[in-house]
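Engineer: Shown below is the structure under consideration.
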Amino acid sequence: MRPRGSPSQGPQPPQNTPHPGLILSLILLSATGDTWARTVRVPTGPLLRVEGTKVTIGCNVHDYEGPAEQNFEWMFSFAEQRGLQILSTFDPLYTDTLYKHRVDTHDIQLQRVSNNEVLLHILQLGASDNGTYTCSTPSTDATVSGNYEASVQLRVIPDTLNLTKPTSKGRQSVNRSVPHGGSFQLSCQASASDSVEHTHLSLAWERQSASGSAQVLTLTHLGRVDPGRDYTDRYTSGDVRLTSTEGNDYTLTIDRAQPSDDGEYQCVASTWVQAPDGWEKIQEKRVSVAHVHVLPIGLSIGVPLSEVQVNEGFPLNLSCEVSQDSAGAVLTRISWSFQPDSSPGEIRELPGGPDVDPAALDDRVHSLRIPQAWDSGSYTCRAIVWALQGNNTWSQAAEKVSDPIRVLVVSTASVFTVSLNSTMLPLFSEEPMELLCHISGSNVDRLSVSWYYTPGAPPHSTTSPPQLVASLDEDWTLQVGDGYEERLERGELILLRKDTHTFILRLQWTTEADRGNYHCVGISWKPQRDGSWVQNGEVASSPVNVFWKEEESTLAVNAQQMKLVSSAGGTFEMICSVSTKNIPSPRFSVQVTVEKPPSPNSAPVILLSRDGLTKRESDSNTLLEKVKEGVYRFRIYQAQAQDIGAYRCSITAWTQGGGRTWREVRNQASDPVQLEFQSSGPVFNVTAYTDSPSVYLGERAEFWCIIMIDSLAMDPEDIAFDVSWFAQSVGGSPTPLVTVGRTAQVRHSRRNGTSDVALERISDMEFRLRIYNCEEADARGHYCTVIPWVRSGEGGWNQQAAITSNVVSMNVKMDLLSTFKYPLMIGVGLSLLAGCLACLIGYCTSRLCCKSPPKQDTRREHRRLMSMEMD
């Protein structure tokens, strides 16, 4: 069958003889050289587009005869497949069934631009739209000349362009406040996978404000950075920059922020491809990154303490907190002044201590350190902010002075208390022990600590003298007691100074010899004028007893089924829990085994090691995960009949001893948990029939495939079918005709005859097969095969066994009238042509060949007798 509008159809020759005047006009028109040829044009291909985007393909016709308004038809083809009809401007039934839904939903539209031009719109491209599109125009010309159709190739590539931005606590948009003259950075991630089409990526930053849109910086698809019109000078000076990394991060940096930088910043990513007419943008995505508001420079200054007491000769540390809004080219100058109590009118300017002058912008806390304090008085902190102007000069932008800090220098004896607490006590050997010694009440002295151990365990008395474990001197020199040197070298003994008042003693691995009483001694030190230190006090803490009993360890494992599997395709879930006793700091490895009847042996299914690594024994849909410490979840997704059996959890407890080596303590298996299905699922039947078992040659035949369920009613959304039709001769093998999958995808098979077949779904449980232009080879049996799919409770699809219908026979009959009609017409036509040709030959012969010559006029024409004698 040729599609409508094919040039081969053309105008039909007239039935009557052409008028002589018309022939003469055509001859004169040809002689004058005014010739024409119909021309149909489409864009130069191939066209390259991205999935999810739209495409518009234009088609126009020129140099044609007939009415001004021309009609157009669009077809689609891929590889060697036959063309599919899409849309027509004059035939509403032209659209193929595969495109009907998309046309009805306006995903595919045909727009007439003028009398001789139309536009084909595809609003949502998919991978199936990849192919050749042909535009044809039915002929309205007196003669066939030129081209009546034109084709263009459309290539649809996957959407690999990814554009993301950093999010803040789940919010999609971020408001940024930037001080005047500061800097800010905005980032987005853009990437596009490489493809055979060699697409290029470009990225641009745009600013949207009340005054309109402004282009900031653009990284073109050719790798060139182009600044916007308003950012050319700032890009040249380096205040506006665009940086990218191998991680597809694109960061816009703007220094010396100005009020004109207010607005919403968007990141725009595009993909480009080399088209026949140059570079063409085929895709664009944009994302709003942040809304930036530039604030004026602000300055605040404060002190954490208004009064400080220090011992005479001890160091004095003061601080003030300074903050300013600018994050760009500004300088902060910090200075200190002191007013002694002995001279109320005197103000001394002090150096800035460890601060750099001008200070770095990120230093919010500025310290003043006095090595030895001898005089009482008031200290004041002053901050000055300098901003860089456009002419590269600095000007004072803000200045503030803090509240005074009252410092009282005293000379008193150190008074403090010492407390000892246990943060970690061992319950078994090889577990760690940690003690914390805290000294309170001495805020100015230098502090140190000594640790002591007394052997013995209750209820026995401890008569042995204390043994030194370790101690810290005033200069933090470590001294270790007898018997602890090797343990310190091996890392088993650790001494820490958490802060100026807190000290920690830790034994990484304990033994039975470490059981006993521990106490700490806090020591206070006072500086001398010659720079030396002298002990100013010593206080011992109360003892802490460290003791444990050695007991036998136990391990209990329990397995419980959490979900019942109603039928094949469901999810089986089992929870395994473990509890221990007298096992120090255990880690667990979990293995799930199964016993499948009739074999009594257990087979491993999946293993979860103590380090969290999973090992499956087969490529099954199993999962073993740790829910929390001692609780593990085992799942089988889409369980099938071969998964039926008794499942157990086998858990091994491990503990870490000296040298940080792991050893196995106990292993225990749980009771079996049976996996079995609650129901066998629905039962399906299928029947095939036809209303017309006999058809004439060239007519259409119809067959029906009806599916029935012998169970409770099911939701049509939970069942789907794969339907296939076959033809089978007597004694021959089946021949596949056509198949429709559960996703409505139709696949045709090659047939022995030339007739066409179509398979369509009439309802949820009915499918119709049509055979067009039946031939003698179609006179055989036909049947359908159905594969049901049932949705499980977890949302997965479970394939059922295939079922086959009965065989329906079809007879193709011969129409005698149609058989002899064409030979009879041909014979009569040839007879009439032969008769007319004979008459024409006789007439011409009689006129030209049988004419008598003219007689001469003689005097003897009536003397017949004499003439005869003469002859």
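The values are calculated or read from the model by the stated rules, or taken from the named source; none is laboratory data. Model, not experiment: these values are computed from the prediction. All Cβ positions, glycine included, derive from the backbone under ideal geometry; neighbour counts span all protein chains shown. We work out accessible area using only protein heavy atoms, side chains counted, and drop any ligands, DNA or RNA first. Shrake-Rupley method; radii C 1.70, N 1.55, O 1.52, S 1.80 Å.
Engineer: What whole-number distance in Å separates the alpha-carbon centres of segment 760-775 and segment 175-214?
Structural biologist: 55 Å
Engineer: Which ³J(HN,Hα) values, rounded to whole Hz and listed in residue order, are derived for segment 624-636 from phi using the Karplus coefficients 6.51, -1.76 and 1.60 in 6.51 cos²θ - 1.76 cosθ + 1.60 with θ = phi - 60°, glycine and proline given as x?
Structural biologist: 10, 9, 8, 6, 7, 4, x, 10, 9, 10, 10, 9, 10
Engineer: Please give the net charge around SER211, taking every other residue with its beta carbon less than 14 angstrom from that of SER211, where Lys and Arg add +1 and Asp and Glu add -1. Present the calculation step by step, with values, prior to reporting the outcome.
Structural biologist: Details: positive: ARG207, ARG229; negative: GLU206, ASP230, ASP261, ASP262, GLU264.
Around SER211, the surrounding residues sum to -3.
Engineer: Could you state the per residue volume, in Å³, of the convex hull enclosing the Cα atoms of segment 613-652?
Structural biologist: On the way: hull volume 3.7 nm³, N = 40.
That works out to 92 Å³ per residue.
Engineer: In addition: Quick one: compute the contact order of segment 531-576, relative version, from alpha carbon pairs under 8 angstrom and 6+ residues apart, as a percent. Before the final figure, lay out the partial values.
Structural biologist: Values: 24 pairs, mean separation 12.2, N = 46.
Reported relative contact order: 27 percent.
Engineer: What does the charge count around HIS293 come to, taking other residues whose C-beta lies under 10 Å from its C-beta (Lys +1, Arg +1, Asp -1, Glu -1)? Could the numbers behind the result be given before it?
Structural biologist: Working: positive: ARG176; negative: ASP261, ASP262.
Computed value for this residue: -1.
Engineer: From largest accessible area down, sort TRP662, TRP476; use a 1.4 Å probe on the protein chains.
Structural biologist: TRP476, TRP662
Engineer: Using a Förster distance of 45 Å, how high is the FRET efficiency between ALA513 and GLU617, based on the Cβ-Cβ distance and rounded to 0.05? Intermediate values should be presented prior to the final figure.
Structural biologist: On the way: r = 46 Å, r/R0 = 1.02.
So the FRET efficiency works out to roughly 0.45.
Engineer: What relative contact order, as a whole-number percentage, does segment 591-642 give when Cα pairs under 8 Å and 6 or more residues apart are counted? Let's see the in-between values first.
Structural biologist: On the way: 65 pairs, mean separation 11.7, N = 52.
Computed value for segment 591-642: 23 percent relative contact order.
Engineer: OK, next. Considering only HIS198, PRO227, GLY278, whose Cα is most displaced toward the positive end of the charge dipole of segment 164-306, charges sitting on Cβ of Lys, Arg (+1) and Asp, Glu (-1)?
Structural biologist: Projecting each Cα onto the dipole axis, the largest value belongs to PRO227.
Engineer: Then there is this: How much FRET efficiency would the formula 1/(1 + (r/R0)^6) give for GLN668 and ASN545, where r is the Cβ-Cβ distance and R0 is 30 Å, rounded to 0.05?
Structural biologist: Values: r = 34 Å, r/R0 = 1.13.
Efficiency for this residue pair is about 0.30.
Engineer: Loop only per DSSP, at most 15 neighbouring Cβ atoms within 10 Å: give me the chymotrypsin sites (Phe, Trp or Tyr not before Pro) in segment 51-146, ordered by residue number.
Structural biologist: Values: sites: TYR64, PHE72, TRP74, PHE76, PHE78, PHE90, TYR94, TYR99, TYR133; in loops: TYR64, PHE72, PHE78, PHE90, TYR94.
Those satisfying the criteria are PHE78, PHE90.
Engineer: So between ARG506 and LEU840, what do we pick up on full extension, going 0.36 nm a residue minus the alpha carbon distance? Working shown, then result.
Structural biologist: Details: separation 334, 0.36 × 334 = 120.24 nm, distance 13.19 nm.
Net length gain for the segment: 107.1 nm.
Engineer: Next question, about the same structure. For segment 202-216, in order, what is each residue's ³J(HN,Hα) by Karplus, 6.51 cos²θ - 1.76 cosθ + 1.60 with θ = phi - 60°, in whole Hz (x at glycine and Pro)?
Structural biologist: Per-residue couplings from phi come out as 10, 9, 9, 10, 10, 10, 9, 9, 4, 7, x, 9, 9, 7, 8 Hz.
Engineer: For segment 123-264, which whole percent of the accessible surface, found with a 1.4 angstrom probe, sits on carbon and sulfur atoms?
Structural biologist: Details: 3330 of 7270 Å².
Carbon and sulfur: 46 percent of the exposed surface of segment 123-264.
Engineer: Could you tell me which of the pairs LYS563/LYS626; LYS100/LYS165; LYS498/LYS628; LYS563/LYS596 are separated by over 28 angstrom between their Cα atoms in the structure shown? Present the calculation step by step, with values, prior to reporting the outcome.
Structural biologist: Values: LYS563/LYS626 18 Å; LYS100/LYS165 39 Å; LYS498/LYS628 31 Å; LYS563/LYS596 20 Å.
Violating the 28 Å Cα-Cα cut-off are LYS100/LYS165; LYS498/LYS628.
Engineer: Rounded to the nearest percent, how much of the accessible area of segment 491-580 (1.4 Å probe, protein heavy atoms only) is carbon and sulfur?
Structural biologist: On the way: 2040 of 4330 Å².
With neighbouring chains kept in place, the figure for segment 491-580 is 47 percent.
Engineer: Grab the Cα-Cα distance for ALA744 and LEU295, subtract it from 0.36 nm times how many residues apart they are, and report the gain in nm with one decimal. Could you put the intermediate results ahead of the total?
Structural biologist: On the way: separation 449, 0.36 × 449 = 161.64 nm, distance 6.02 nm.
Length difference between fully extended and current span is 155.6 nm.
Engineer: While we're on this one: Could you report segment 552-639's accessible area per residue, 1.4 Å probe, as an integer in Å²? List each step's numbers first, then the result.
Structural biologist: Details: 4700 Å² over 88 residues.
Ligands and nucleic acids excluded, the figure is 53 Å² per residue.
Engineer: Work out how much length SER237 to ALA646 would gain on full extension: take 0.36 nm times their residue separation and subtract the Cα-Cα distance, in nm to one decimal. Write out the running numbers ahead of the final one.
Structural biologist: Numbers: separation 409, 0.36 × 409 = 147.24 nm, distance 7.47 nm.
That works out to 139.8 nm of additional length.
Engineer: Any idea how far apart GLN81 and THR44 come out in nm if each label point goes 7 Å out from Cα toward Cβ?
Structural biologist: 3.0 nm
Engineer: Separate question: What is segment 48-148's relative contact order, in percent, from Cα pairs under 8 angstrom and six or more apart in sequence?
Structural biologist: Averaging sequence separation for qualifying contacts and normalising by length gives 39 percent for segment 48-148.
Engineer: Using a 7 Å offset from the Cα along the Cα-to-Cβ direction at both SER411 and ARG490, what is the distance between the two label points in nm, to one decimal?
Structural biologist: Placing both labels 7 Å beyond Cα along the Cβ direction yields 5.3 nm.
Engineer: At a Förster distance of 35 Å, what's the computed FRET efficiency of ARG369 paired with ARG224, Cβ-Cβ distance as r, to 0.05?
Structural biologist: On the way: r = 53 Å, r/R0 = 1.52.
The value I calculate is 0.10.
Engineer: Go through segment 109-125 residue by residue and turn each phi into a ³J(HN,Hα) via Karplus (6.51, -1.76, 1.60, θ = phi - 60°); whole Hz please, and just put x for glycine and proline.
Structural biologist: 10, 10, 10, 8, 8, 8, 4, 10, 8, 9, 10, 9, 10, 10, 7, 9, 6
Engineer: Given the peptides 296-307, 137-148, arrange them by the average over their residues of other C-beta atoms within 10 Å, most packed first. Intermediate results must be reported in sequence, preceding the final value.
Structural biologist: Values: 296-307: 13.5, 137-148: 17.5.
Packing order, densest peptide first, comes out as 137-148, 296-307.
Engineer: Another one. Using the heavy atoms of the protein chains alone and a 1.4 angstrom probe, what is the accessible area of segment 112-195 per residue in square angstrom?
Structural biologist: Numbers: 4070 Å² over 84 residues.
With the other protein chains kept in place, segment 112-195 gives 48 Å² per residue.
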